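Shown next, in structure tokens, is the structure this report addresses.
The values are calculated or read from the model by the stated rules, or taken from the named source; none is laboratory data. Quick caveat: nothing in here was measured; it's all calculated off a predicted structure. In this analysis, Cβ positions are derived from the backbone assuming ideal geometry, glycine residues included, and neighbour counts consider all displayed protein chains.
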């Protein structure tokens with residue numbers, strides 16, 4: 001759930017800022033690794049179990065959108081994600097940054 005504000009919605013070049021509350025979910029995963037020596041002398045099993053994780057995060061974004069035609073636009077966006085459940089060693093929220101570039105079509 002979030003909000004996005006476009007500073008110049010009727011122009012060809014539209015800068016915008018956004019803020020959103022997001023939830024990322026990674027389900028439980030089990031992997032089984034098996035290694036067999038080609039001569040068949042031994043074999044090793046190891047199972048890795050991932051965690052169930054529902055990570056709540058605050059996402060701040062900003063970017064530029066350039067209208068190419070009525071429904072087509074080129075975009076450049078930067079995002080900063082503050083994970084509110086995972087903490088770093090000094091207690092502040094874990095952060096991730098991303099940059100996206102693309103062409104989009106709006107219906």
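Can you tell me which residues in the range 47-67 are at pLDDT below 80 and in a strand (DSSP E or B)?
47, 48, 49, 53, 54, 55, 56
For (1) out of contact with any helix residue (DSSP H, G or I) (no Cβ under 7 Å at 6 or more places or on another chain); (2) at pLDDT 90 or above; (3) surrounded by fewer than 10 Cβ atoms within 10 Å (Cβ to Cβ), each residue gets a yes or a no:
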residue: 11; (1), (2), (3): yes, yes, no
residue: 16; (1), (2), (3): yes, yes, no
residue: 19; (1), (2), (3): yes, yes, no
residue: 39; (1), (2), (3): yes, no, yes
residue: 45; (1), (2), (3): yes, no, yes
residue: 69; (1), (2), (3): yes, yes, yes
residue: 81; (1), (2), (3): yes, no, no
residue: 106; (1), (2), (3): yes, no, yes
